[in-house]
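Okay, structure first, notes after.
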Amino acid sequence: MTIDLIVKNNLCTGCGVCISEDQSHQAKMIWNNEGFLVPSLGKSSTQDKMIKVCPFAIQQKNEDELGELFLKLPETQYHDKIGYYYGLYAGYSKEFRETSSSGGIATYVFNALLEQKIVDHLFIVKEVDGQYAYQFFSNVEEITQISKTRYTPVTLEKLFQELSKVDGKVAVSGVACFVKAIRLKQMYDPVLKEKIAFIVGIICGGLKSRYYTDYLAQEAGCKSEYSHAQYRVKNKESHALDYKFSCIEKSDKRIHMVDMQSLGDMWGTGLFKSNACDFCDDVLTELADISLGDAWIKPYRMDGLGNSIIITRTEIAELIVNGNDLVLDSIDENKIIESQSGSFNHRHNGLLYRIQLYKSQGRIVPFKRERVLKKQIFLLNMIQKNRLLTREKSIYFWMKFNDRQKFNNAIKIYLYKLRFVSKWTHRLIRFIQKIKL
Ligand SMILES: Cc1cc2nc3c(=O)[nH]c(=O)nc-3n(C[C@H](O)[C@H](O)[C@H](O)COP(=O)(O)OP(=O)(O)OC[C@H]3O[C@@H](n4cnc5c(N)ncnc54)[C@H](O)[C@@H]3O)c2cc1C
Ligand code: SF4
Ligand code: SF4
């Protein structure tokens, strides 16, 4: 497999780590026509070197092997869905929750890393000129500037270009495939293990094309260029799923908002998602020092300000979350898995079917961990088939229309079919289970 093949087969999530391995320095990250960041190669780009750090390359070590290398210790526990860990929690930061996307734990952890001088700099996703990109940051006084989740493509391209120019240690935030790419780099160059001293893993249900934000902006009533997209404007009087999207229209500086619940399910349907995410089996960011996600479980999901689930995987992470500012409950493995049950159902249980389908169509798929591949009943596979189609069509229709009304009209039939198949499949499964009892 080559970088070229990864990109041509839409198996790239734009981590940008391969760029640092191009000895010709010709490769760079660009936007493709589907609204994702991908590498553009030069004539002399050293693809044989670049592919070594790609999280989707067939010839790579998998998450189990890397987990063993980086996180396995006599004192860590192991669960085959969670990976290596010290502690499992749900809760929030008293100081940072209100200004964060979920429980504010990511901001809390980054603040602690700087304050306790465990690292000297952060490489995190932050607003610049109304848009979002990874950048270095070290101003602990203004730590809330780095808060909030951005559901738009970003890339680590600059991290390895600039790391050697930065004095001291660095902490990075990243979704699972980005974290895997960093671990691969560290595996080949142990100096980087010292330099990138801590990784905050952002639990991820899928990478959205930048067209997703364009769609939300139009739904919010923006008619022209916009900036400062806010993906999770919380409602503290309500429950955690009740949040809004907002953005600022550049022409008149007006803030536009849309209630996310009014748009239906934007995640379980696969709308605007990268194809590569359908071949990702790391649900809980298994290779980070700490993994953070939303606590989509009772009673936490009833709290409009949000709660996080937290998996500490290293001793430093465990020490940091035992600080005073956090309100935390210890929870068990089942609760952690339940909080991401939709993601496990799709990413693990449907993976074998998606791989077989793609292979039967002559399409390339990455090599996946054997142990997560499961057969499931025909009807559940039909949900997968409809979801794959809905994902593909959503990007196609947005490229065609770039208009929310026309898009909604065109995608309606695919969403209807997906809902219909899902509803009747689950009813039938419940019925069969009942008569078996
Ligand atoms: C694409 C995407 C999909 C997600 N899907 C899920 C999901 O399915 N289930 C779930 O439980 N949680 C998901 N999350 C994580 C969730 O939205 C919260 O980010 C997480 O719970 C941390 O919340 P917090 O309040 O602790 O973060 P905050 O304190 O608000 O801080 C957020 C941190 O994330 C960093 N960040 C923001 N955007 C990105 C980005 N795109 N890539 C890397 N780092 C970033 C910021 O720099 C900041 O440090 C997803 C996040 C992303 C980016
Ligand atoms: S290393 Fe990252 S940017 Fe490069 S091809 Fe792989 S996923 Fe894409
Ligand atoms: S779902 Fe997996 S492959 Fe997709 S962006 Fe998230 S971590 Fe990367």
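May I ask you to list pairs of residues, at least six apart or on different chains, whose Cβ atoms are under 7 Å apart, with the first in segment 238-254 being touching a residue at least 40 places away in the same chain (Cβ under 8 Å) and within 25 Å of L305 (Cα to Cα) and the second being of a type in the set (F, W, Y) and in a strand (DSSP E or B)?
Within 7 Å, the pairs are I248/Y226.
I'm trying to understand the selection: among the residues of segment 48-60, which are surrounded by fewer than 20 Cβ atoms within 10 Å (Cβ to Cβ) and assigned to a helix (DSSP H, G or I)?
If the condition is that a residue be surrounded by fewer than 20 Cβ atoms within 10 Å (Cβ to Cβ) and assigned to a helix (DSSP H, G or I), then D48, K49, K52 are the ones that fit.
Here are some residues: E34, E63, E98. Which one is open to solvent by 60 Å² or more (accessible area, probe 1.4 Å) and in the same structural domain as P299 (by TED's automatic domain parsing)?
E98
Kindly list, by first and then second residue, each pair from a residue in segment 261-273 that is farther than 19 Å from S246 by Cα and in the same structural domain as N235 (by TED's automatic domain parsing) to a residue that is open to solvent by 30 Å² or more (accessible area, probe 1.4 Å) and not in a loop (DSSP other than H, G, I, E, B), limited to pairs with Cβ atoms under 8 Å and residues at least 6 apart or on different chains.
none
Just one of (1) open to solvent by 10 Å² or more (accessible area, probe 1.4 Å); (2) more than 16 Å from ligand 1 (Cβ to nearest atom); (3) on the phi < 0 side of the Ramachandran plot trips up A217, so point out which.
Against the list (1) open to solvent by 10 Å² or more (accessible area, probe 1.4 Å); (2) more than 16 Å from ligand 1 (Cβ to nearest atom); (3) on the phi < 0 side of the Ramachandran plot, A217 comes up short only on (1).
Could you check segment 373-420 and list, in sequence order, the residues that are among the polar types (S, T, N, Q) and part of a helix (DSSP H, G or I)?
Within segment 373-420, N381, Q384, N386, T390, S394, Q405, N408, N409 qualify.
Do we find that H25 is in contact (Cβ under 8 Å) with a residue 24 or more places away in the chain and open to solvent by 10 Å² or more (accessible area, probe 1.4 Å) in this structure?
no
With the structure loaded, tell me whether G103 is among the small types (G, A, S), within 28 Å of S246 (Cβ to Cβ), within 16 Å of ligand 2 (Cβ to nearest atom) and within 20 Å of the chain's Cα centre (by Cα) or whether it fails that test.
So G103 does not fit the description; no.
Do we have any residue at all in segment 283-290 that's within 16 Å of ligand 2 (Cβ to nearest atom) and assigned by TED's automatic domain parsing to the domain that holds A112?
yes
Given V200, V233, which one is in contact (Cβ under 8 Å) with a residue 12 or more places away in the chain, within 16 Å of ligand 3 (Cβ to nearest atom) and under 23 Å from E98 (Cα atoms)?
V200
Can you name the number of the only condition in (1) loosely packed, with under 12 Cβ neighbours inside 10 Å; (2) closer than 30 Å to S360 by Cβ that K434 fails?
For K434, the exception is condition (2).
Select from segment 232-247 the residues that are surrounded by 21 or more Cβ atoms within 10 Å (Cβ to Cβ) and either modelled with pLDDT of 95 or more or assigned to a helix (DSSP H, G or I) (or both) and list them in ascending order.
F245, C247 - these are the residues of segment 232-247 that are surrounded by 21 or more Cβ atoms within 10 Å (Cβ to Cβ) and either modelled with pLDDT of 95 or more or assigned to a helix (DSSP H, G or I) (or both).
Counting only residues that are β-branched (V, I, T) and within 14 Å of ligand 3 (Cβ to nearest atom), how many does segment 182-197 have?
Counting residues in segment 182-197 that are β-branched (V, I, T) and within 14 Å of ligand 3 (Cβ to nearest atom) gives 1.
Tell me the strands (runs of 3 or more DSSP E) entirely within segment 258-341 that contain at least 3 residues that are surrounded by fewer than 24 Cβ atoms within 10 Å (Cβ to Cβ).
Qualifying strands (runs of 3 or more DSSP E): 326-330.
The values are calculated or read from the model by the stated rules, or taken from the named source; none is laboratory data. In this text, all values refer to a predicted model and were calculated from it rather than measured experimentally. Please note: Cβ atoms are built from the backbone with ideal geometry, for glycine as well, and neighbour counts cover all protein chains shown. Protein only, heavy atoms only, side chains kept; ligands, DNA and RNA dropped before computing areas. Shrake-Rupley method; radii C 1.70, N 1.55, O 1.52, S 1.80 Å.
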